[in-house]
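Enquirer: Encoded as structure tokens, here's the structure I'll be asking about.
The values are calculated or read from the model by the stated rules, or taken from the named source; none is laboratory data. Just so you know, these numbers come straight off a predicted model, no measurement behind them. Note: ideal-geometry Cβ built from the backbone for every residue, glycine included; neighbour counts use all protein chains shown.
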Amino acid sequence: MNGAEIPYQLRPSKFIDRQIFVELLSRLIQVRGPENYIYISMGGRHLVDHYAVYRDLGIKAQFSFDSDENAVARQIFNRPTDATLCGRMHSSALPSELDKIAAKFPTRRNVIVWLDYTNTDRKLQLQEAEQTLIRLKHGDIFRITMNANVRHLSQGPAGGSANKETFRANYLRDQIEDMMPTTITAIGDDDFPLVLVKCIELTAQKAKVQVPHLDFLPVLTTSYADGQRMLTVTCAVRDPSQHESFPNSHFHRWQFASRSWDHIDDISVPVLSAKERFRLDSNLNKSAKKMLKALKFMPADDELSSLAAVSNYKKFQRFYPAFRHVDD
Ligand SMILES: C[S@@+](CC[C@H](N)C(=O)[O-])C[C@H]1O[C@@H](n2cnc3c(N)ncnc32)[C@H](O)[C@@H]1O
């Protein structure tokens, strides 16, 4: 069973990540008018993200693409409204297709683009990101998800951890070449998400050289590991010569707003039953220690990791997926 097959009860982090993204969008675009935006992403067969932006933000102008023909047929079946357009396309075609997609929604000024990758074609993905970024404009939003599973960097040679870390960095450099900053010479067990952030930052810098009038500002960076570890960076596109400041001046008060490229929110929540959640929810204003005590068992391997699990639950509680029967 691959990640996409696992039900959300068993992978709450991806669900939470998407919900935080929708809240980010509301922070960024509510004042500008969601009706000015086209939402473009690889929505997968159920278009869960398209439903979320339609339901929570009212964005009807939507485009979804997928390289798999049957996935597109399923998207067409599942689309939230008949205004959602779905097409068979590989992401490498997106940059050159952006104008045509925008022309299908002539009254919209801006786009939100999410490249939700799952595989490890990192060089191609970063090149596609660069080619997409240079076609964006003030008020647009760009999001990219990449696989950050350190195991994909191969196990490396036997021997000390220093050897392994250097091997991984060399392996990644061979894979993505000039899309990797030269300062990265070792990748430790937990470093891969931050290394990918640095690669995405470099990609944004390369894009800026081509469109110097634009700034690509990181606004939300998250990582989670429901199955594979994933890394997602979202950037706001700003043209400082415009009168409007984007994001607006209140944005940085938002709990998850990125303050710099290096700031990653790790979404690492425990898998809980409804009964366990209710107990934690009724103790939510207490310290993590007291919340853990209220549970009367360890939700993780030991006390330290259980405390971390409860603290994380507290941080992401309002986004945690709740499942109800349709008849409830
Ligand atoms: C992770 S799923 C999308 C999930 C969805 N965005 C959500 O929030 O639930 C990724 C989808 O994109 C497709 N896909 C992956 N890489 C692609 C690429 N490079 N070009 C086009 N489609 C791709 C896959 O077939 C899959 O259906």
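Enquirer: Can you find even one residue in region 188-195 that is within 14 Å of the ligand (Cβ to nearest atom), surrounded by fewer than 17 Cβ atoms within 10 Å (Cβ to Cβ) and closer than 24 Å to Arg18 by Cβ?
Expert: No.
Enquirer: While we're here: Can you tell me which condition Trp114 does not meet? The list is (1) within 24 Å of Gln210 (Cα to Cα); (2) under 18 Å from the mean Cα position of the chain (by Cα); (3) part of a helix (DSSP H, G or I), and all the others hold.
Expert: (3)
Enquirer: Determine if region 50-59 includes at least one residue that is within 13 Å of the ligand (Cβ to nearest atom), over 16 Å from Val113 (Cβ atoms) and in contact (Cβ under 8 Å) with a residue 60 or more places away in the chain.
Expert: No - not one qualifying residue is present in region 50-59.
Enquirer: Are there any pairs with C-beta distances below 7 angstrom linking a residue in region 30-45 that is assigned by TED's automatic domain parsing to the domain that holds Phe77 to a residue that is of a type in the set (Asp, Glu) and at pLDDT 95 or above, with the two at least 6 apart or on different chains, and if so which?
Expert: Note: pairs meeting the criteria are Ser41/Asp49; Ser41/Asp116; Met42/Asp66; Met42/Asp116; Gly43/Asp49.
Enquirer: Then there is this: If you check Gln125 against the conditions, is it over 16 Å from Tyr51 (Cβ atoms) and within 13 Å of the ligand (Cβ to nearest atom)?
Expert: So Gln125 fits the description; yes.
Enquirer: So in region 60-99, with the set limited to residues that are among the acidic types (Asp, Glu) and within 13 Å of the ligand (Cβ to nearest atom), which one is surrounded by the fewest Cβ atoms within 10 Å (Cβ to Cβ)?
Expert: Glu69
Enquirer: Hey, among Thr118, Thr166, Thr183, which residue is within 16 Å of the ligand (Cβ to nearest atom) and out of contact with any His (no Cβ under 8 Å at 6 or more places or on another chain)?
Expert: Thr118
Enquirer: Can I ask one more? Might you let me know whether region 123-146 holds any residue that is of a type in the set (Asp, Glu), in a helix (DSSP H, G or I) and under 20 Å from Ala236 (Cβ atoms)?
Expert: yes
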